[in-house]
Amino acid sequence: MSNINTESKKTNTYDVIVIGSGISGGWAAKEFTEKGLKTLVLERGRDVQHIKDYPTTNKYPFEFEHRGEPALAIQKENPIASRCYIFREDAMHFVVKDHEHPYVQEKPFDWIRGYQVGGKSLLWARQTQRWSDFDFEGPARDGFAVDWPIRYKDLAPWYSYAEKFAGIAGNKDGLKELPDGEFLPGYPLNAVEDYFKGFVKNKYPNRHVISARCAHLSKPNQIHFDQGRAKCQNRILCQRGCPFGGYFSSNASTLPWAAKTGNLTLRPFSVVESVIYDDKLGKATGVRVVDANTKEEMEFYAKIIFVNAAAINTNLILLNSKSTRFPNGLGNDNGQLGKFVAFHNYSARISAEYDGMKQFSTDGRNPAGGGYIPRFRNVYKQETNFKRGYAAGFSAHRSNERDMTGVGENLKKNILNPPLGPWHVGSHMMGETIPKESNFVSLHQSKKDNWGVPLLNISVDYDENDALMKKDYVAEMSQMFDEAGFKNIKVNDSSQAPGLDIHEMGGARMGLDPKTSILNKWNQIHACPNVFVTDGACMTSTSCQNPSLTYMALTARAADYAVKSMNRFEI
Amino acid sequence: MERRFAIKQILIMAGGIALLPSCLKESGKSSIALTNLDVSLDQEHLLAEIAETIIPATDTPGAKQLNLHLFVLKMLDDLYEKEDQKLFMKGLSDIGDVAQDKYGKSFQKLAVQQRQELLLAIENDKQVPPALGKFYEIMKGRTVGGYLNSKYVMTNLIKWELVPGRYNGYFPVKAA
C-alpha cells in the first residue's frame, strides 16, 4: 500500500500549484511554466478553450432566442446574476448561476463570479490604468488601513512587463496621478469627448479627460502574434470571447502560452477545499481538491502554491485551511484574515445631452469605451470632507431617434429612416472605498456547499465616506457638465449593492507588519512563505483604478521572486 | 446532415429565430410550441393581421411575412409575468369586441384604413382600459422591436455589422 501511495504522491507532485485560472492565475501559470517549472493550474469550473468554446461569438442579434434578454424564469432563478450587465443570452453561460453556488449575505452583496477556465478574464471591462504613488501612499498619508509595503517604483517595471505582453492601448498623457505605460496606439476620443476634454483642461487645470487605456490590440506587436492573437476588430462583443484574441484574457493569452512550454497541467472541475500545511515541516505541502463532478477527494503537492481563486474565494480557501499551527486559517495569526474587504463604489451615473458638434457622429465602435477621468480629488492634499476620491468614465455618442408613433406605412418609413438625435453624454463614478475591519467575509458555522466546503458569510457595506464622496461626484460632474453646456442633466443614483462593481478586494492584505497584515511585500503569507496570494485578496487599499492590471504586475513580480527564493533554497 | 436539414425544414422562422412547431395533430392551436400561453389558431391569425397593420408589406416584407406575430407570442410566453400574459390575452379578445362595436365586423374583415383607425384610437386613448392598453403596449413594442432586430432588416435594410474593424470619432454627417 505504501508503495502505491508513494507512486500517487509522485504523480500528483508539481513544482508549483496555481489555484485559479483567471486573470492573475493565468499570469502565474505563464511565469512559472516559462521559467521551466512544472505547474498545475486548478480551476473549479469547466474548461473553456480559446475560440472553440465561444459558442455565441459570431451570432447576430436575431439569432438569440429572446434577442438577448434572459427568459423571465431564468431571471427569477438568478436575481443576483441578473443584476449584472453581462448576464444576457450571449454570455450568461460564463456567469455563475445563483442556486449553484449559494452564499450568505449578512448584508446585501451581489457576488458576480465566473467559474470556468479563464474565470472573469473572459468577461472583464478591459480597463487598465496604472496606480501611482498617490495610490500606494494613500493609506499612510490619510491614516487608514496599513501602509502598503511597496511603492510605485517597485511595481513600475512589472507594469511594463505585463503591459507589453497583454497589449494595452493608450496615450502617453504625462499625468503624475496616472503614470504612462508601454502602450499600443490609443483609441481616439470622439468629437464631443474631445470637446469636453478641452473644456475641462481650460477650466480645471488639475482635471483631465483622457482616452481610457484598455487591454485591446489596437496595433499588435510580434509578441501578440506569437500568442496567436490578432488586431482588435472593434466588435465590442468581448464578453462572448473574442475569436481574434483582440482583448486580453487568460484563454487567449497566458494559458495557451503556458501550455506551449509543455510545463502546464490544467485541471478543470477541481474545487480546492484547502491548502495543506505540514506542522512538522513548517510549510505548506499541497492542496486538497474535490473533483467537481465525481466528488472524489484528492491531494496535489508542490513546493510553491499561488492562491488566485479571485478575491473572495481566496479568502474562503485560506480561512478553510486549518491546521494545528493555524487553527483559524492559513497565515491567520492576527485574526485579520477575511477582514478589511473593500470594493469600488459604482453607484452613481450622470447623463445629459449636447446640442453642438452636429456635423459629426461616430462610425464603427470604440473598444476603449471613450474617456477616463483620473482621480482629481484629494490627490496632492486633503481638500474635502471625505477621504480619497473617485475616477470617472466619460463617453459621448449619437443615436438614431425613432419616431415610434402611429402604425402602418408611415411608421415603417419612420423607423427605417430615423434622424440622428443629439449627442448623449454619460459618466459613471468609480469611487475608492476605505477598508474596514467591519467589512469582512467569514466561514459559515454549519452550512456547506455540494463539495463539503463551508459557505461564506459576506458582510460588506457602504459607509458615510462613500455617501459623502458620491455627493461630491454628483455635484462636481453635474457642474462640469453644466459649464460645458450639456443640457438635460440627469443623475442616476442606483443604490446598487456592493459587489456589482465586481472589484471586491482585500481580506488578506499586504503590509510590513505581520501583526496587522497577512502578506508581505512579495505577496507571501508572512507565516507561511511558500504560499503566495496575488489576486484581489492581497490589496491593502483599493484606490479607484480598475484593478486587474495591478494584479497582473503583482503576480509576475511575485512569481519572479518565488523562483529566485526557491533557487536560493529559501522556500 | 440530412436529418439536420429535415429538422430545419420543420422549424418556423420568426424574424430570424427558429421556433419549434407545436404538435400538429392538435388542430385549432397556435402553430408554434408555447409553454405558458394557450393560443388558438384563430387568435394567431388575428395577431398576424394586427402585426401586419402595424408593419405592413410595402416594397419590402411586412410583419406577417416575417412571422413577427409568432415572435411576439414567443416573447410574451417567455419574458412576461402571468399577469401581463393574462392582460394581453384579454386585450386581444377585446380588440375583436371593439371592432364589432365600432364597425359591426370582425377585425379581419375591416379595411386597412379602419384597422389603422382602430389601433390608433387605442394608442391615443389616455384612458385606455388596462387589458387593451397592456395588449397594445406589448404587441406594438415587440412587433416594432422584432422587426428592427429581424434578420431581414438587419441584413438588408439597416445592416448590423458583426465585424466593423474601425472606429471614427469624427464621422461627418449632415448637421440637422
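The values are calculated or read from the model by the stated rules, or taken from the named source; none is laboratory data. Note that the structure is a prediction, hence the values are computed from the model and not measured. Cβ: placed from backbone, ideal geometry, glycine included. Neighbour counts: every protein chain shown. Note: accessible area is taken over every heavy atom of the protein model, side chains too, but ligands, DNA and RNA are not part of it. Shrake-Rupley method; radii C 1.70, N 1.55, O 1.52, S 1.80 Å.
In straight Cα distance, which lysines are under 16 Å from B:K134, not counting same-chain residues fewer than 8 positions off?
Here the lysines satisfying the reach criterion relative to B:K134 are B:K82, B:K86, B:K90, B:K126.
Give A:K59/B:K64; A:K30/A:K164; A:K164/A:K197; A:K35/A:K303; A:K9/A:K120 a once-over and call out the pairs whose C-alpha atoms are over 20 Å from each other. Please report the intermediate quantities before stating the final value.
Numbers: A:K59/B:K64 24 Å; A:K30/A:K164 14 Å; A:K164/A:K197 28 Å; A:K35/A:K303 15 Å; A:K9/A:K120 32 Å.
Long pairs (Cα-Cα over 20 Å): A:K59/B:K64; A:K164/A:K197; A:K9/A:K120.
Take the alpha carbon gyration tensor of the stretch A:107-216, find the square roots of its eigenvalues, order them as a ≥ b ≥ c, and report rounded if a/c is under 1.5; if not, report prolate when a/b exceeds b/c, else oblate. Before the final figure, lay out each step's value.
Values: a/c = 1.44, a/b = 1.14, b/c = 1.25.
Taking the square roots of the gyration eigenvalues as a ≥ b ≥ c, the stretch A:107-216 is rounded.
Please give the Cα centre distance for the stretch B:101-142 versus the stretch A:402-477, rounded to the nearest Å.
38
With the Cα gyration tensor of the stretch A:309-464 giving a ≥ b ≥ c as the square roots of its eigenvalues, does the rule (a/c under 1.5 for rounded; else a/b larger than b/c for prolate; else oblate) give rounded, prolate or oblate? Before the final figure, lay out the partial values.
Working: a/c = 3.80, a/b = 2.04, b/c = 1.87.
Prolate shape, in that a/c is at least 1.5 and a/b is the bigger ratio.
In nanometres, what is the gap between the two model label sites at A:E409 and A:D482, each 7 Å from Cα along Cα-to-Cβ?
Going by the 7 Å Cα→Cβ label model, 5.0 nm.
In a solvent-free Debye calculation with one equal scatterer on each Cα, what is log10 I(q)/I(0) for the stretch B:2-157 at q = 0.13, 0.17, 0.21 Å⁻¹, listed in the order of the q values?
Per q value, in the given order, log10 I(q)/I(0) is -0.61, -1.03, -1.47.
State the Cα centre-to-centre distance between the stretch A:265-280 and the stretch A:211-235 in whole Å.
34
Of the beta bridges DSSP finds with both residues in the protein assembly as shown, what % are antiparallel, to the nearest 5? Before the final figure, lay out the partial values.
Working: 64 of 87 bridges.
Antiparallel bridges: around 75 percent, rounded to the nearest 5.
Could you order peptides B:70-82, A:144-156 by the average number of other Cβ atoms within 10 Å of their residues, highest first?
Highest-to-lowest ranking by the protection proxy: B:70-82, A:144-156.
Would you kindly calculate the mean projected area, averaged across all directions, of the convex hull enclosing the Cα atoms of the stretch B:34-82, in square nanometres?
3.5
How much FRET efficiency would the formula 1/(1 + (r/R0)^6) give for A:K10 and A:D133, where r is the Cβ-Cβ distance and R0 is 60 Å, rounded to 0.05?
On the way: r = 47 Å, r/R0 = 0.79.
Computed FRET efficiency for A:K10 and A:D133 comes out at 0.80.
Of all the C-alpha pairs in the protein assembly as shown, what % are more than 49 Å from each other?
Beyond 49 Å sits 24 percent of the P(r) for the protein assembly as shown.
Calculate, axis by axis, the spread of Cα positions in the stretch A:344-408 along the three principal axes, and write the results as whole Å, longest axis first.
The principal-axis extents, from largest down, are 61, 25, 23 Å.
Give the residue list of GluC sites (Glu not before Pro) in the stretch B:105-176 that are DSSP loop and have at most 14 other beta-carbon atoms within 10 angstrom. All intermediate terms of the calculation are to be shown ahead of the outcome.
Numbers: sites: B:E117, B:E123, B:E137, B:E161; in loops: B:E161.
In loop regions of the stretch B:105-176 (DSSP not H, G, I, E or B), the sparsely surrounded GluC sites (Glu not before Pro) are B:E161.
At a Cα cut-off below 16 Å, give the aspartates and glutamates reachable from A:K413, other chains included and same-chain residues fewer than 8 away excluded.
Reachable aspartates and glutamates: A:E401, A:D403, B:E52, B:D59.
From a point 7 Å beyond the Cα of A:N385 in the direction of its Cβ, which residues of the stretch A:447-482 have a backbone N at a distance under 19 Å?
A:463-479
Loop-only check: which trypsin sites (Lys or Arg not before Pro) in the stretch A:12-113 are DSSP coil with at most 13 other Cβ within 10 angstrom?
Filter output for the stretch A:12-113: A:K52.
What aspartates and glutamates sit close enough to A:K107 to cross-link, taking a C-alpha to C-alpha distance under 18 Å and skipping anything fewer than 8 places away on the same chain?
List returned: A:D98, A:E437, A:D461, A:D463, A:E464, A:D466, A:D501, A:E504.
Alpha carbons only, please: Rg and Dmax for the stretch A:51-112, in angstrom.
Answer for the stretch A:51-112, Rg first and Dmax second: 13.0, 41 Å.
Distance check, please: which entries in B:K109/B:K159; A:K436/A:K564; A:K487/B:K174 exceed 28 angstrom between their Cα atoms?
On the way: B:K109/B:K159 36 Å; A:K436/A:K564 34 Å; A:K487/B:K174 22 Å.
Check vs 28 Å cut-off fails for B:K109/B:K159; A:K436/A:K564.
Please list the equivalent ellipsoid semi-axes of the stretch A:160-287, computed as the square roots of five times the alpha-carbon gyration tensor eigenvalues, in descending order and whole angstrom.
Details: eigenvalues 293, 91, 37 Å².
So the three semi-axes of the stretch A:160-287 are 38, 21, 14 Å.
Add +1 for every Lys or Arg and -1 for every Asp or Glu among the other residues with Cβ under 12 Å from the Cβ of A:T433, and state the total. Provide the component values of the computation, followed by the final result.
Numbers: positive: A:K387, A:R388, A:K436, A:K470; negative: A:E432, A:D461, A:D463, A:E464, A:D466, A:D501, A:E504.
Charge balance near A:T433 sits at -3.
So between A:T294 and A:E570, what do we pick up on full extension, going 0.36 nm a residue minus the alpha carbon distance?
Here the answer is 95.6 nm.
Please identify every one of the chymotrypsin sites (Phe, Trp or Tyr not before Pro) in the stretch A:503-571 that sits in a loop by DSSP and has no more than 15 other beta carbons within 10 Å of its own beta carbon.
Answer by residue number: A:F569.
As a test of the definition: with a 1.4 Å probe, what buried accessible area, both sides summed, do you compute for A against B, in Å² to the nearest 100?
What A and B bury together is about 4300 Å².
Just tell me how shielded B:147-159 is by partners: mean number of partner chain Cβ atoms within 10 Å of each residue's Cβ, no decimals.
3
How many nm is it between the label spots at B:D94 and A:N400, if each spot is 7 Å from the Cα in line with the beta carbon?
Here the modelled spin labels are 3.2 nm apart.
Suppose all protein chains stay in the model; what accessible area per residue would a 1.4 Å probe give for the protein assembly as shown, in Å²?
I get 41 Å² per residue for the protein assembly as shown.
Report, in whole Å, the centroid distance computed from the Cα atoms of the stretch A:12-73 and the stretch A:146-199.
Result: 26 Å between the Cα centres.
Which residues among the stretch A:525-553 fall inside the zone where the amide N is under 18 Å from a point 7 Å beyond the Cα of A:R325, along Cα→Cβ?
What the label zone holds, given the 18 Å backbone N cut-off, is A:525-533.
Can you give the average number of partner chain beta-carbon atoms within 10 Å of each beta-carbon in peptide A:405-418, as a whole number?
Details: counts 3, 7, 16, 13, 7, 1, 9, 10, 1, 0, 8, 8, 2, 2.
Across the residues of A:405-418, the mean count of other-chain Cβ atoms within 10 Å is 6.
Quick one: which of B:29-37, A:397-405 comes out on top by average Cβ neighbours within 10 Å, and what's the full order, highest first?
B:29-37, A:397-405
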